[in-house]
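The values are calculated or read from the model by the stated rules, or taken from the named source; none is laboratory data. All values reported here derive from a predicted model rather than from experimental measurement. As a convention, Cβ positions derive from the backbone with ideal geometry for all residues, glycine included, and neighbour counts pool all protein chains shown. Note: accessible area is taken over every heavy atom of the protein model, side chains too, but ligands, DNA and RNA are not part of it. Shrake-Rupley method; radii C 1.70, N 1.55, O 1.52, S 1.80 Å.
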Amino acid sequence: MASPEVYQPSNGPTASPSGTSSYECSGTTSWFTYDELAAVTGGFAEEKVIGEGGFGKVYMGALGDGRRVAVKQLKVGSGQGEKEFRAEVDTISRVHHRHLVTLVGYSVTEHHHLLVYEFVSNKTLDHHLHGGGLPVMDWPKRMKIAIGSARGLTYLHEDCTPHLFSFFLF
C-alpha cells in the first residue's frame with residue numbers, strides 16, 4: 001500500500017498546519033486518514049447516511065473546522081485500483097463549477113476509497129420532485145434545475161481540461 005507521501009498530485013502535498021496526520025494539497029483538496037473520516041461520520045453510522053447508490057453510501061459529517069461534508073464510501077471491488085483512484089482524485093480536484101459540488105478531500109487505503117465533498121443542504125432532487133407532503137414543483141423551477149444540470153455536464157464534457165466523460169455521481 002502506498003503512503004500519502006508517495007503520491008504527488010499536480011499541486012503537491014504539504015504537511016497539514018493542523019498538526020494531524022492529514023495532508024493538505026496547496027489547492028483545496030486534502031488527504032484524510034480513514035480513522036478521521038470514520039470519526040466525523042460517527043463510525044459510518046446508518047443514521048448519518050444521506051444517499052446510497054451502486055457506488056456505495058454517502059454519509060453526513062462535520063470536519064474539525066465546523067465545515068459540513070458529504071463522505072462517499074465507494075464499494076470495495078469496483079475494479080479501480082489505488083493508482084487509478086488517486087489519478088481520478090487529482091483530476092476531479094481541479095474541477096470547479098457553480099453547478100457542481102467541490103471535492104474537499106479523499107482517503108485511500110487498501111480496502112477503502114472515500115471521497116469528501118462539500119455538503120449542499122438543499123436535499124436531493126428526488127426529495128423535491130417526489131417528497132411526501134411537498135407542493136408539486138412548478139415548471140419554471142424544474143427548467144432552472146435541468147438547465148443548471150446541463151451546464152454542469154457541459155462543463156465536464158466540453159469545457160474543462162481534460163474532458164471528463166465518466167465521473168463520480170451521488
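Data table
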item	result
Checking Pro140 against (1) farther than 25 Å from Val40 by Cβ; (2) modelled with pLDDT under 90, the condition it does not meet	(2)
Residue among Ser121, Ser78 that is open to solvent by 40 Å² or more (accessible area, probe 1.4 Å), among the polar types (S, T, N, Q), modelled with pLDDT of 80 or more and not in a strand (DSSP E or B)	Ser121
Residue within the stretch 41-61 that is touching a Leu at 6+ places or on another chain (Cβ under 9 Å), surrounded by 13 or more Cβ atoms within 10 Å (Cβ to Cβ) and of a type in the set (S, T, N, Q) present	no
Residues of the stretch 16-63 that turn out to be modelled with pLDDT of 90 or more, of a type outside the set (D, E, K, R) and farther than 15 Å from Val120 by Cα, as a count	12
Qualifying residue in the stretch 157-166 (condition: of a type in the set (Phe, Trp, Tyr), in a helix (DSSP H, G or I) and loosely packed, with under 11 Cβ neighbours inside 10 Å)	no
Residue within the stretch 98-118 that is open to solvent by 70 Å² or more (accessible area, probe 1.4 Å), modelled with pLDDT under 85 and part of a helix (DSSP H, G or I) present	no
Residue in the stretch 128-151 that is surrounded by 14 or more Cβ atoms within 10 Å (Cβ to Cβ), over 20 Å from Ala70 (Cβ atoms) and touching a residue at least 40 places away in the same chain (Cβ under 8 Å) present	yes
